[in-house]
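Take a look at the structure below.
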Amino acid sequence: MSRQLEQIQEQRTAKRHLELVKTIEYGLLGAVSHSGGILSGFTIKINDGECLLVLKADFGHLHRVAFVSGEDVGTVLIRGMNLARRDALNWKADAYYIDND
């Protein structure tokens, strides 16, 4: 029975790794595009066992940010992609945007 549980855990881990690769390679970019924006960057802050993903996107001439929190880097990236796919991110004006043109 314990080998069966190990196999289930291995399958879950493999599925998460595949989801994370998809997110990084094209998923996050595509999900934000689905929301109507162009992903211009993101940052991840790690503090005391919590991670914060800050997504930056351009919506026409509007520069916006959205925040996603979670317990680790993989979780916030995947959660950010899933929220963007469902148009569930709360985009706010980017108060720190600097126009370099």
Residue satisfying condition, being over 13 Å from TRP91 (Cα atoms), more than 11 Å from the chain's Cα centre (by Cα), surrounded by 11 or more Cβ atoms within 10 Å (Cβ to Cβ) and β-branched (Val, Ile, Thr), within set VAL73, VAL21, VAL65: VAL21
Condition broken by GLY49, with the remaining ones in (1) out of contact with any helix residue (DSSP H, G or I) (no Cβ under 8 Å at 6 or more places or on another chain); (2) surrounded by 16 or more Cβ atoms within 10 Å (Cβ to Cβ); (3) closer than 14 Å to THR75 by Cα; (4) not β-branched (Val, Ile, Thr) satisfied: (2)
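Residues checked against (1) small (Gly, Ala, Ser); (2) modelled with pLDDT of 90 or more:
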site: GLN4; (1), (2): no, no
site: GLN11; (1), (2): no, yes
site: LEU18; (1), (2): no, yes
site: GLY30; (1), (2): yes, yes
site: SER35; (1), (2): yes, no
site: LEU39; (1), (2): no, yes
All positions within the range 68-80 that are within 19 Å of TYR26 (Cα to Cα) and not in a helix (DSSP H, G or I): VAL68
Checking ARG85 against (1) surrounded by fewer than 14 Cβ atoms within 10 Å (Cβ to Cβ); (2) touching a helix residue (DSSP H, G or I) at 6+ places or on another chain (Cβ under 7 Å); (3) basic (Lys, Arg), the condition it does not meet: (1)
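Taking only the range 1-21 into account, find how many residues are in contact (Cβ under 8 Å) with a residue 12 or more places away in the chain and either of a type in the set (D, E, K, R) or under 21 Å from TYR96 (Cβ atoms) (or both).
2
The values are calculated or read from the model by the stated rules, or taken from the named source; none is laboratory data. All of these numbers come straight from a predicted model, not from anything done at the bench. Note that each Cβ is placed from the backbone with ideal geometry, even for glycine, and that neighbours are counted across all protein chains shown.
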